[in-house]
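Chemist: Can you read through this structure? Questions will come right after.
Quick note: the coordinates plus some simple rules give every number you see, no bench work behind them. Since the structure is predicted, the reported quantities are computational estimates derived from the model, not experimental observations. For neighbour counting, all protein chains shown are included, and Cβ atoms are generated from backbone atoms with ideal geometry for every residue, glycine included.
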Amino acid sequence: FTMKRAFTLIELLLYMGISAIFLVVVSNVLYVLLDAHVESQNINSLELDSRFIAARSEYDATSLVASPNSYSLVGSDLYFSGTKLNSFDTQVTQFATQKISDKTVKINFTLVSGEDSRSYETVVGTR
């Protein structure tokens, strides 16, 4: 009579318990990393779009000062002369212009990406 080497039920349960704990820890770490990555992408999108909108408004300062309503908010997208100014992953929830002088306009806008939202203000003018 020879004994074969095999796992006992207690050893199998112990290994399964350790494996389950390991999987829970790893999945939580991956979830936190993925959540941080998504939030980082949202903030990056907000910053890039805000810089682009500010730069474009400076570029279009002459027409913006002449007609402060030349930018239009259609739904959650900002347009100027038929060109969409925000990217597909950001929404413009508020956009307002205020003429300060004959050569200066103040622009306020709010961008939303995912759960992140930021408000911006800039002043453009002509010389």
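Chemist: How big is the stretch 34-102 by the Kirkwood estimate over distinct Cα pairs, in Å?
Modeler: For the stretch 34-102, inverting the mean 1/r across all distinct Cα pairs yields 13.2 Å.
Chemist: Let me ask another. Give the Kirkwood hydrodynamic radius (Å, one decimal) of the stretch 1-56, defined as one over the mean of 1/r across all pairs of different Cα atoms.
Modeler: About 15.7 Å, per the Kirkwood formula over Cα pairs.
Chemist: What is the Cα coordinate range of the chain on the first, second and third principal axes, sorted by size from largest, in whole angstrom?
Modeler: Answer, in whole Å and largest first: 104, 23, 19 Å.
Chemist: Just the projected area, averaged over all directions, of the convex hull on the alpha carbon atoms of the stretch 67-127: how many nm²?
Modeler: Reported value for the Cα convex hull: 4.4 nm².
Chemist: Which of the peptides 32-38, 85-91, 95-101 is most tightly packed, and how do the rest follow, going by the mean number of other Cβ atoms within 10 Å of each residue?
Modeler: 85-91, 95-101, 32-38
Chemist: Angle check, please: helix 9-59 long axis (alpha carbons) against the longest principal axis of the chain (alpha carbons), in degrees 0 to 90, nearest 10.
Modeler: Taking the Cα atoms of the chain, the angle to 9-59 is about 10 degrees.
Chemist: Using a Förster distance of 25 angstrom, determine the FRET efficiency expected from the C-beta separation of Thr126 and Arg51, and round it to 0.05.
Modeler: The pair Thr126/Arg51 has a calculated efficiency of 0.75.
Chemist: Turning to a different aspect of this structure: Note the full-extension length gain between Asn69 and Arg118 as 0.36 nm times their separation in residues minus their Cα-Cα distance, in nm to one decimal.
Modeler: Going from the current span to full extension adds 15.4 nm.
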